[in-house]
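The values are calculated or read from the model by the stated rules, or taken from the named source; none is laboratory data. These numbers were taken from a predicted model, which means no experiment stands behind them. Methodologically, a virtual Cβ is constructed for each residue, glycine included, from the backbone with ideal geometry; neighbour enumeration extends over all protein chains shown. In case anyone asks, the SASA skips ligands and DNA or RNA and just uses the protein heavy atoms, side chains included. Shrake-Rupley method; radii C 1.70, N 1.55, O 1.52, S 1.80 Å.
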Amino acid sequence: MSRNESRIAIVGGGLAGLAAAMRIAEAGKQVDLFSLVPVRRSHSVCAQGGINAANEVARQQGYSEWLHMDETLYGGDFLAHQPPVCEMTAWAPKVIDLMDRMGVPFNRTPEGHRDLRLFGGSLYKRTHFAGASTGQQLLYALDEQVRRHASEGRVNHYEHWEFLWPVIDDDGVCRGLVAQDLRTMQIRAFRADAVVMATGGCGTIFGKSTNSTICNGAAAARAYQAGVWLGNPEFIQVHPTAIPGQDKFRLMSESARGEGGRVWVPRKEGDTRDPRNIPEDERWYFLEEKYPAYGNLVPRDIATREIFWVCQQGKGIGGERMVYLDITHLPDATKKKLYAILEIYEKFTGDDPRETPMKIFPAVHYTMGGLYTRYEPRDDNQGMVQNAPGNMMTNVPGLYAFGEVNYQYHGATRLGANALLNCIFDGIFCGPSVVSYVDNLERGAADQPQSLFDDTVKQEEVKVKELFDAQGDENPYLLHKEVGDWMTDYGTVIREENDLKKTIDRLQEWKQRFKRVKLVDTGDWSNTNMTYARALGDMIRYAEAILLGALERRESRGSHYRLDYPERDDDKFLKTTIARYNAAEDSTELEYEEIRMGLVEPRQRTYGKVEAADSKDDAQERSGAEAAKT
Amino acid sequence: MTADNASQRTVRINIKRQASPDASPRWEAFDVPCSPGDGTNITSVLEYIAAHPRTVDGVDTTPVTYDAACLEEVCGSCTMVINGHVRQGCSQLVDRLLEEAPEITIEPMSKFPVVRDLAVNRERLFKDFQRIQGWVPIDGSYALGPGPKESPENQDVRYRLSRCMACGCCLEACPQYTFDNDFVGAAVISQVRYFNRHETGSRLEDERLEEMMKPGGVNHCGQAQNCVKVCPKEIPLTESIAEVGRATTRNAFRRIFIK
Ligand SMILES: Cc1cc2nc3c(=O)[nH]c(=O)nc-3n(C[C@H](O)[C@H](O)[C@H](O)COP(=O)(O)OP(=O)(O)OC[C@H]3O[C@@H](n4cnc5c(N)ncnc54)[C@H](O)[C@@H]3O)c2cc1C
Ligand code: SF4
Ligand code: SF4
Ligand code: FES
């Protein structure tokens, strides 16, 4: 295909989408960039902690790209394909250098080098950071580069546009997409020689999470219903300490515990006294009691489960789903050090955590699973073949998935500060793969018949009309709340056969009830009532894949903990779950696929076995504990 | 929102609504249940209204359209005028607002065209970021080693400037920023300083300063300093305006002498 005619559509303007847009525009291709919100307001802006990479200082202390890879694989309980992880960690130092050149204000040492942070007890300082808002600075830097390309005419921004469906031809090749202008509500098709999905995680399927409101997974769910497979959908990371709010859970950084914060509940169930008036011997420091060695600094999985457990048994504060995270006893100097995170707590709760213990609870945080992607491994497995068209392409030719929305790199749980890396890496390493794909296309989107695009537009218009016409008795907001509550109760921290089955049965009801959704707004201008409801229908389909994946994976691994199968079972489940949507039945079908290893032998992850851990495992466990950090 | 709580009260919320850019605005009032100390903020009030869209007069209405994403005051989406002050809905607690007035009023920002209800169109701000070439002109994204070294002091200045979330509060409060002029406003002036303070970014310094000397540039600022008072991220806007102002003067002199 002639080089300068090709167009590439990118859905999502977080770190992954912007990095891809920059790289692809630089290769001279025309980019159409879609986002629900102005790209500068994407969810990536929320990331605080930092971004990992091997660096000179750590290297001289014995760290390396290889160790970074090893930590990532170990942290992910060996569920990740190894060649892509190897490639990502090898590129990490280059990613940091690049972002540095773009002007990201990384913290500096007195001499002017980039400063590094020790993350979650890792033995090596390998986390680069810009104050307490690394994601924001990285996102802005990429947004600026992409706007530079836009000013030269290579990128068109479609902000306040919603991706609705990929356009897939009779041969199963992706030829573009259909999207809707969220102001005029116009639905139209865009021809594209390749489409990159970079739509982030799906936290709001669980109702409230640490994610932004726009992280609802609907875009991924639509690709899934259109024929893209999901990989490992059951793997959802829960962060142990978040601030429960009426509208979301805000992250409470683990540094509060790192600096000496203590987790407790009143010994008396349902005690409603002011915590300051509860004497020491009437407080239950359950983490310290159960895990004397690690105390409040137990690895993330344990902390999350223990807190969840205590509350399930009605022992949370006032019987509610909350426990205290107490830093009131710490010296003033330490409180000062924690200033930035204590501020957040105060701003959003109105309480001063220096005076009164914080109330926290675990919250859904990160989506490890996602759109199924392939890659071209190198012969020695030490990475991916550069520029190969297949890197991070889904099972649908021409349709790619970058960033949090794909299922690669993190396996069964993600290490802190590895997500930002994964997003930018996908953009700059796999962006050129998209370019090679379109350069080798014999016939592009421009050669496709108009009817292909018109039909998909029609399909989406009909869906909207059906929603308007339903006029049933279901309030979409309350139905979403119910979905979120059930998914959180039975589909997150502690999973069990009967609970999962019960929830899957319930989900079949949600599908029916969704058909009776009542919209109170049937207007054709900036109608958020309709868009909210429409997304819910797609989220329910994604939820089914999460639940079914969790039900069938009868083992415990990383973030997936089965009360009835508490051990990891490599013989049966050292495999990728693949979920396919059966459109005729409106159901999910699962199958399992081997994982490409070749670099590191899976070893037992000592997470959770504090007593058994010898000193070597301790070190590994601590670096695994970073998963909790961000 | 927890129901049947003993201490539950309802709070009167008055919202200025507008169906479309050309429609005329109207007010609607809602009673929203919430308990003191439960952390209810303005975005959760709006979520409650979306699920229960009925006014105090018992009239069924539509959910209120507004922008929001992060819900933690970092994306800049949910800027609105609450009790007469411009700020983010997500970080405003009902309890605190009730200390200001017995009822809460919410209006869209007035310096940008209304899209619908509380959602406004802030494209002008993003265009102005482009107008000042708000980027570091790198030689492409291939690996070429690290960026320039930087002193912690300069990093500290740049970091504070980099936290601007393009929320628009400073523009809403600025008497000089109006529909009928093309003043860029404090946020954009501050970004000029941000990029000029980076070694590679400063390669475009002259171009940026030239833009600042045109109509709508830094000279348009009347030094009223409303902007710095309302910035939720405590960006040192007065300093930025002064620094960019001085730089443009210097540049102007230089050009006279070069000619
Ligand atoms: C509170 C918090 C703190 C974190 N801290 C860290 C950290 O310190 N370090 C780290 O490595 N990771 C961290 N993470 C994880 C990390 O922030 C995310 O994984 C990452 O930012 C995801 O980026 P992304 O580009 O994949 O997607 P996002 O940034 O989520 O962007 C998704 C994009 O897709 C668009 N989109 C979505 N749906 C549609 C649709 N239907 N149509 C059109 N556009 C659509 C959105 O508008 C948006 O532009 C944190 C996460 C959270 C929640
Ligand atoms: S100092 Fe005054 S006139 Fe100048 S930008 Fe700020 S508010 Fe506007
Ligand atoms: S300078 Fe402050 S008030 Fe102005 S847009 Fe930026 S963050 Fe908002
Ligand atoms: S929703 Fe992001 S600032 Fe309020």
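Against the globular-protein guess of 2.2 N^0.38 Å, express the Cα radius of gyration of the protein assembly as shown as a ratio, rounded to two decimals.
On the way: Rg = 26.2 Å, N = 889, 2.2 N^0.38 = 29.0 Å.
Working it through for the protein assembly as shown, the quotient is 0.90.
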Could you pull the accessible area for A:Val462 with a 1.4 Å probe, rounded to 10 Å²? 60 Å²
So what are the radius of gyration and Dmax for the Cα set of the stretch A:10-129, in Å? 16.1, 45
Interatomic Cα distance distribution for the stretch A:217-280, bins of 10 angstrom, percent: 15, 24, 30, 15, 12, 3
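If you take each beta carbon of peptide A:475-487 and count the beta carbons of other chains within 10 angstrom, what is the mean?
Working: counts 4, 3, 8, 2, 1, 1, 2, 0, 0, 0, 0, 0, 0.
Taking all residues of A:475-487 together, the mean is 2.
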Normalising by the residue count of chain A, find the relative contact order in percent from Cα pairs under 8 Å and 6+ residues apart. 23 percent
Size of the dipole of chain A about the Cα centre, Lys and Arg at +1 and Asp and Glu at -1 on the beta carbon, nothing else charged, in debye to 20? 1140 debye
All other residues with a Cβ under 14 Å from the Cβ of A:Leu98 taken together, and with Lys, Arg as +1 and Asp, Glu as -1, what is their net charge? -2
What residues does the stretch A:246-286 have that are buried by at least 20 Å² of accessible area in the full protein assembly compared to the chain on its own, 1.4 angstrom probe? A:Gln246, A:Asp247, A:Lys248, A:Arg250
Could you compute the longest span of chain A free of GluC sites (Glu not before Pro) located in DSSP loops and having at most 11 other Cβ atoms within 10 Å, not counting the site residues? A:153-354
Could you report the stretch A:453-574's accessible area per residue, 1.4 Å probe, as an integer in Å²? 41 Å²
Rounded to the nearest 5, the percent of DSSP beta bridges in the protein assembly as shown running antiparallel is 75 percent
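I need the shape label for the stretch A:436-570. Rule: rounded when a/c is under 1.5, else prolate if a/b > b/c, else oblate, with a, b, c from the alpha carbon gyration tensor.
On the way: a/c = 3.17, a/b = 1.31, b/c = 2.41.
Judged from the Cα gyration tensor, the stretch A:436-570 comes out oblate (a/c at least 1.5, b/c at or above a/b).
Out of the trypsin sites (Lys or Arg not before Pro) in the stretch A:398-463, which ones are loop residues according to DSSP with at most 14 other C-beta atoms within 10 Å?
Taking the stretch A:398-463 and a limit of 14 other Cβ atoms within 10 Å, the loop trypsin sites (Lys or Arg not before Pro) found are A:Arg443.
Would you mind computing the Rg to Rh ratio of the stretch A:240-362 from its alpha-carbon coordinates, Kirkwood style for Rh?
Working: Rg = 13.3 Å, Rh = 14.4 Å.
Value, to two decimals: 0.92.
Structure shown: which of A:Lys94/B:Lys149; A:Lys458/A:Lys511; A:Lys248/B:Lys111 lie over 19 Å apart, alpha-carbon to alpha-carbon?
With Cα atoms farther than 19 Å apart: A:Lys458/A:Lys511; A:Lys248/B:Lys111.
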Taking the dipole about the Cα centre of the protein assembly as shown, with the C-beta of Lys and Arg at +1 and of Asp and Glu at -1, give me whichever of A:Leu452, B:Pro148, A:Thr367 is farthest to the positive side. B:Pro148
In square angstrom to the nearest 100, the accessible surface buried at the B/A interface, both sides summed with a 1.4 Å probe, amounts to 5700 Å²
Per principal axis, descending, Cα span of chain B in whole Å: 73, 40, 35
Heavy-atom accessible surface of the stretch A:379-463: percent carbon and sulfur, 1.4 Å: 47 percent
